[in-house]
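The values are calculated or read from the model by the stated rules, or taken from the named source; none is laboratory data. Computed from a predicted structure; not experimentally measured. A quick note on method: Cβ atoms are made from the backbone with ideal geometry, for glycine too, and the neighbour counts reach across all protein chains shown. Just so you know, the surface numbers come from the protein's heavy atoms only, side chains and all, with ligands and any DNA or RNA stripped out. Shrake-Rupley method; radii C 1.70, N 1.55, O 1.52, S 1.80 Å.
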Amino acid sequence: MSEEQSKGIMAIDELQAIVQRCQILEEKHFRAEDFNLFQVAGQKCLEEGYAAQLLEVIQNEKNKVIVKNMGWNLVCPLVRCILSYQQEDDKRERCLKILDQLVQLSNPKELLLGLLEQIEQTSGEQTSETIMLLLQPLQTVILKLHGKKSYSVGLSLSTILNQLSLLPVPYTKDQIQEDKLHLCQCCNAVVDFTKPFVDEVVKNMKTSESGEKELKEELLKFCLKSLKYPLLTAQLDQLEDIEEHPLRHFAGEIIGILLDIGEFIPAVFSHGSHNQNWDNSEFLDIDRNDSVDSLACLSYLVFVQYIGIDCFPMIFSPSYLLQCNMLHVEVLLKRTEESILAKGLDLFENCLLRLDNNSLLHQYLEFRNFITASQDLVKVMTLCPIEDLRKKSLNVLQLYIDKFDTEGKYTLFRCLLKTSNHAGVEGYVVQNIKNQIDLSLKRGQDNQWFTGHRLISLLDEVFCLPEGAETDLLQSSDRIMAALNLLRYLVIKDNEHDNQTGVWTILTKVTQNFLKPLHTGLNMSKAHYEAEIKNKKENRQESHTSNTVCSVTVSGEKMPNMSAEMQLQVLHSALFTFDLIESVLARVEELIEVKIKAVTDENIGVK
Amino acid sequence: MTTDEATKSEGDAQTAALVEQGEDITPNQDRGVLKIVKRKGNEDASPMIGDKVYVHYKGKLANGKKFDSSRDRNEPFIFSLGKGQVIKAWDIGVATMKKGEICHLLCKPEYAYGSAGSTPKIPSNATLFFEIELLDFKGEDLFEDGGIIRRIKKKGEGYSNPNEGATVEIHLEGFYGDRKFDSRDVKFVVGEGEDHDIPIGIDKALEKMQRGEHCILYLGPRYGFGEAGKPKFGIEANAELAYEVTLKRFEKAKESWEMDTKEKLEQAAIVKEKGTVYFKEGKYMQAVIQYGKIVSWLEMEYGLSERESKASESFLLAAFLNLAMCYLKLREYTKAVECCDKALGLDQDNEKGLYRRGEARLLMNEFELAKCDFQRVLEVNPQNKAAKSQITVCQKKTKEHNERDRRIYANMFKKFAERDAKEEASRNPGEKDVEKATSEKRLKTPMSEGKEPEEHV
């Protein structure tokens, strides 16, 4: 007999010994050391590969009481063994059988804790596998529990989700298809786990038993948690060539649960004062701050991905939907993760597309978050490192502008000019102002906001140099060019007779506060840069070992020094910009002069 | 004929009927919303703006395809009427309905989802057909406590409301039963209406009104003139009142974030004074508003200089102590305890804070905790006679409480014993069994039986 075998047989003997001793005892007489001996012996049997014998012991009718009391101690070694064997291994099958027996025979309360402990201890690559292995036993055990079920369901679900949330969410199509850590698969398995409990809540709702309110709340918590992780960070667009996107499927299941337990519509409308419409439901005893992310994700799923939209009332006005979703958009745009920002932009865009152009009443801007939304968009388009999102953000801003009525547009422009602090954005807004003036002049009606005294006060914001001649013209070139273009347009389109836009009224002021300092500034800047170029050129001739004037650091890393050649290039391009500004400026001044002259000539003629 | 065709032809017939006989209910008379009453309502009342309305409905596209139905969801659809929550056709249409009425509406896209449509169900420029049943409606319950019910006669403009401290100009008419007791134009500061004989409910409601709004407010006694009544207007204690109010214009008070620390401290002194005046007159709700301002301005104020933070703390302490006192008077003991806790957070040995918390707890029947508070008072100031006598009260109450319990149980035992003895006697009396039955009963019967025996004592 080999040593191995004898060790194994010893383990079985030990197990038999302890079992026989306990068979004659009543359960209250079991001692702590018996539990210990049983566990050690059982564990040894498993490790030595004597699962079949262990199974026999457990199945033995005489040992029923022992298994009932001590069985849960074997969960830990069992799980370890099962995970170590290959899928088709007979030993694995036997171990699974033992687990199954334990579930049938052991005290459910203790077994529940034993199972959850295993889930809690798992980590990394084994997380999903362990959870999927234990879901079925866990469900059976909880169903065996009488009363207090909701607590156990809640505890199980939160333990599982806490473990899963440590795993990265697959994002690209390949990652989703591969599902390396089985996260997607596991999420869907967890949904199956909840099914009997959902059914129970549904059944109780029909008989209007309020007893299971707690169970419903636990399920609601689970749904909200799932919306936050993994769904909020997941990529949920339909994918080509994948029949069923597993996380989309999961999202559908989660919304299905919300629908079944009657919390879907209340959840979509749970923000702020809007939920008072749904007072017939006892939604959200849970912390609202904790669920803002989840609810934003839910809105995204419904309105952008159309998951569950069939069950959503199709009677709300588009502006009300925008108003409700604005809170979600705000939450999403405040984040920096690509997937979440993208969701925020998609949701915002979707709500805007439901509106006809010019139909959004300016009064909505009295809601604080209608203003901050525009600022959030500016933040994304100027600071986000991902180009697609920057572009999208600009598109959404344009859409947002388009939807407002004239007064709304006016207010929004004014606000953006004051708050954006970015010449590119300001230039863009000025361009928009020009388009609105153009429309006003063409339509000849509804023009009280982009003509006359109201326009003048808006133009005050446009035709100004914040620091006079000392303004950094290079930095503000986008804005200055747009302003000059607008001025040129106004002078051409609007003649002094009509003066519909009021530009002729403010011309002196514009010349004084904008054109003149611009001239001075241009001269100064040009002189400065020319001198700099000259300097550079001389330096280059003098020494090739150029000592750098300054260094640039990007996120802690020092950028390579610019070569003298590159420096010169930058300086030249600056000069080019100044030339451009100067030429437009000259053209504008010329136009003004001609027009004024024409008028004075006319006046002289009249006289 | 297939079912599709059947629904289509039914839809066609309904649409045709609406086009031929439907009443144009749009204000512009542009035939944008046409209506036919299918079943007359059972009451004459129609919902008003802002009312919470309960409807069942079914919506169909022009091709007869159903796109939505509340009956499929098995629950009525609820919304606030006239607030732009639903498509225009509905705000117009439901307002014309009577309770119990069923009607058909035909809505042009301009009154529905317009050229944009509503993805994925409503295509661009769709004319929609609805069948609506008005199940019920009720006035808006402003604070969800039934204390102020609002019904709007004319909607205001925009979405901004007066805040606490805003200056408002209103027209009001007050009714007590059928009698009109007040009618005037008045300008005042929200939260200080009492200075003009305006009950607190109006102040509270104004914070939810918009410029130009004209509404009726039904005030419960708590939001009216309360227990004191208003002899000046001939109003008795605990009267329910109705007011018609028009908010003509208002100017908002600065929000906390619009004020700098210096301004907040200056204002704090002023509102503290105001609060004290109200308190002395017994206007506790009004006093709460004033003291509350101090908390909202200063509780979260950071970056103060040493001198400022000292001043701020003393204002806050006074505010919390006074709020606690107000809540004691208003019988909101939990809030009183909260305020005391905050006051004690600033000054852990504050005599008044400890005393008032003790009072609140005593009134909440938490005798032991109350006693602890009063004992702490004595530690801080051994001369505090009131605290001494409160401790005696606590002890007495504890004792009374215990005694009452004892009596209840004693009576219970006796009564059960008697009853059980009788029952057992009627069967086969055995002393041992009686005893056992009694003790079992005792375990199973909690306090619920307790009240009955008390009367025997």
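Pairing chain B with chain A buries about 2600 Å² of accessible area. This figure sums both sides and uses a 1.4 Å probe. Take each residue of peptide B:113-122, count the partner chain Cβ atoms within 10 Å of its Cβ, and average: the result is 6. Less than 5 angstrom separates the built amide H of B:Glu23 from those of B:Lys35, B:Ile36, all sequence-distant by 5 or more or on a different chain. Rounded to whole numbers, the Karplus 3J(HN,Hα) couplings from phi for the range A:296-312 are 5, 5, 4, 4, 4, 4, 6, 8, 8, 8, 6, 7, x, 5, 4, 9, 9 Hz, using 6.51 cos²θ - 1.76 cosθ + 1.60 with θ = phi - 60°, and x at Gly and Pro. Label sites at A:Asp498 and B:Met300, each approximated as a point 7 angstrom past Cα along Cα to Cβ, lie 5.1 nm apart. For the range B:149-245, the set of GluC sites (Glu not before Pro) satisfying both a DSSP loop assignment and a count of at most 16 other C-beta atoms within 10 Å is given as B:Glu207, B:Glu227, B:Glu236, B:Glu240. The GluC sites (Glu not before Pro) of the range A:111-215 meeting both criteria, a DSSP state outside H, G, I, E and B (loop) and at most 12 other C-beta atoms within 10 angstrom of the site's C-beta, are A:Glu125, A:Glu209. Taking the charge dipole of the range B:148-251 about its Cα centre, with +1 at Lys and Arg Cβ atoms and -1 at Asp and Glu Cβ atoms, the residue from B:Thr246, B:Ile202, B:Ala166 reaching farthest to the positive side is B:Thr246. Taking each of A:Lys148/A:Lys221; A:Lys403/B:Lys58; A:Lys228/A:Lys379 in turn, the alpha-carbon distance tops 22 angstrom for A:Lys403/B:Lys58; A:Lys228/A:Lys379. The 1.4 Å probe gives accessible areas that order A:Arg488, A:Arg92, largest first, as A:Arg488, A:Arg92. In this view, the solvent-accessible surface of A:Thr411, computed with a 1.4 Å probe and all protein chains in place, comes to about 50 Å². Give me the accessible area of A:Met10, 1.4 Å probe, in Å² rounded to the nearest 10. Answer for A:Met10: close to 110 Å² accessible. Considering helices alone, the calculated mean residue ellipticity of chain B at 222 nm is -14000 deg cm²/dmol, with DSSP H runs of length four and up weighted by -39500 (n - 2.57) and normalised per residue. Structural descriptor for the range B:256-397: relative contact order 15 percent, calculated from alpha carbon pairs under 8 angstrom and at least 6 residues apart.
Annotation for the range B:279-312: GluC sites (Glu not before Pro) lying in DSSP loop with at most 16 further Cβ atoms inside 10 Å of their Cβ are B:Glu281, B:Glu299.
For the range B:79-94, heavy-atom accessible area (probe 1.4 Å) falls by no less than 50 Å² from the chain alone to the full protein assembly at B:Gln85.
Going from the isolated chain to the complete set of protein chains, the range B:39-74 loses at least 40 Å² of heavy-atom accessible area (1.4 Å probe) at B:Lys52, B:Arg73. Any of B:Lys35/B:Lys99; A:Lys149/A:Lys216; A:Lys62/A:Lys97 with alpha carbons more than 22 Å apart? Name them for me. Flagged as over cut-off: nothing, all pairs pass. Whole-Hz Karplus values for the range A:101-114 come out as 4, 4, 4, 5, 9, 6, 4, x, 4, 5, 4, 4, 5, x Hz, taken residue by residue from phi with 6.51 cos²θ - 1.76 cosθ + 1.60 and θ = phi - 60°; glycine and proline positions read x.
Extension gain for A:Gln87 to A:Asn561 (0.36 nm times residue separation, less C-alpha to C-alpha distance): 164.8 nm. Remark on the protein assembly as shown: ratio of C-alpha radius of gyration to 2.2 N^0.38 Å is 1.23. Straight-distance candidates among the aspartates and glutamates for linking to B:Lys65, with alpha-carbon spacing under 16 Å and chain neighbours fewer than 8 residues away dropped: A:Asp310, B:Asp4, B:Glu5, B:Glu10, B:Asp12, B:Glu131.
Cross-link pairs exceeding 22 Å between alpha carbons, from the set A:Lys28/A:Lys68; B:Lys138/B:Lys335; B:Lys52/B:Lys204; A:Lys493/A:Lys597; B:Lys254/B:Lys274: B:Lys138/B:Lys335. Distance from the C-alpha centroid of the range B:9-25 to that of the range A:112-134: 63 Å, rounded to the whole angstrom. Across the range B:50-67, computed HN-Hα scalar couplings (Karplus, 6.51 cos²θ - 1.76 cosθ + 1.60, θ = phi - 60°) run x, 5, 8, 10, 10, 9, 10, 8, 9, x, 10, 7, 4, 7, x, 6, 6, 10 Hz from first to last residue, x flagging Gly and Pro. Of the residues A:Leu155, A:Leu111, the one with the largest accessible area comes first in the ranking A:Leu155, A:Leu111, computed with a 1.4 Å probe on protein heavy atoms. In this calculation the C-beta distance from B:Val186 to B:Phe143 is compared with R0 = 22 Å, giving a FRET efficiency of 0.45.
Surface composition of the protein assembly as shown: carbon plus sulfur atoms contribute 49% of the solvent-accessible area (1.4 Å probe, protein chains only, all chains present).
Accessible surface calculations at 1.4 Å, restricted to protein heavy atoms, place the range B:10-137 at 42 Å² per residue. Exposure check, 1.4 Å probe, all protein chains in place: A:Asp260 carries approximately 80 Å² of accessible surface. Applying 1/(1 + (r/R0)^6) with r as the Cβ-Cβ distance of B:Ile36 and B:Leu135 and R0 = 30 angstrom yields a FRET efficiency of 0.95. Centre-to-centre separation between the Cα atoms of the range A:83-98 and those of the range A:1-76: 19 Å.
Solvent-accessible surface, computed for protein heavy atoms with a probe of 1.4 Å, shrinks by 40 Å² or more for the following residues of the range A:313-344 when the other protein chains are added to the isolated chain: A:Met314, A:Ile315, A:Phe316, A:Ser317, A:Tyr320.
In this structure the amide hydrogen of B:Phe181, modeled in the peptide plane, comes within under 5 Å of the amide hydrogens of B:Gly174, B:Phe175, B:Tyr176, none closer than 5 places in sequence on its chain.
Once the 1.4 Å probe is applied to the protein heavy atoms, the range B:148-251 comes out at 42 Å² accessible per residue.
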